[in-house]
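Trainee: Quick one: the structure is below, and I'll ask about it shortly.
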Amino acid sequence: MAAASAVREAGRRSRRLFDIFVADVPWTVSSKELKEYFSQFGSVQRCQLPFDKDTGFHRRYCWIKFSTLQDVQNVFQKDSHILEGAKLTLKQQSRRRRSQRKNQSE
């Protein structure tokens with residue numbers, strides 16, 4: 001039983017994603033370019049760049065999802081991140097369960 005539990009836990013850890021919120025993204029930068037840029041720091045699982053339905057432009061922020069915490073730490077070891085002449089603003093996102101968020105809002 002203990003072996004099966006260890007395998008399940010390892011599976012959960014492998015699916016866990018680590019996020020970075022990126023703001024001040026230039027209008028001309030695509031999600032593909034963001035993913036390529038951040039891949040130099042580690043394995044990028046996904047780049048989520050939301051678009052405004054009315055304007056057709058992206059909203060100038062995104063989330064970069066990495067597979068390990070070490071990848072995130074690699075990003076923050078660099079002083080500044082500049083794409084197409086614009087300095088990006090980065091913030092590490094903490095993942096909380098919905099139940100934790102609900103308790104904090106009460």
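The values are calculated or read from the model by the stated rules, or taken from the named source; none is laboratory data. Treat the numbers as computed from the prediction; the structure is a model and nothing was measured. So basically every Cβ, Gly included, is an ideal-geometry build from the backbone, and we count neighbours across all protein chains shown. Surface areas here come from the heavy atoms of the whole protein model, side chains and all, with no ligands, DNA or RNA. Shrake-Rupley method; radii C 1.70, N 1.55, O 1.52, S 1.80 Å.
Trainee: Hey, among the residues in region 61-88 that are farther than 11 Å from Ile20 by Cα and in contact with a strand residue (DSSP E or B) (Cβ under 8 Å, 6 or more places away or on another chain), which one's surrounded by the fewest Cβ atoms within 10 Å (Cβ to Cβ)?
Mentor: Ser80
Trainee: Next up: What's the total number of residues in region 29-59 that are of a type in the set (Asp, Glu) and closer than 19 Å to Asp19 by Cβ?
Mentor: Here the count works out to 2.
Trainee: If a residue must be surrounded by 12 or more Cβ atoms within 10 Å (Cβ to Cβ) and charged (D, E, K, R), how many such residues does region 17-60 contain?
Mentor: 8
Trainee: Something else now. Using the structure shown, decide if Gln104 is modelled with pLDDT of 95 or more, open to solvent by 50 Å² or more (accessible area, probe 1.4 Å) and not in a loop (DSSP other than H, G, I, E, B).
Mentor: no
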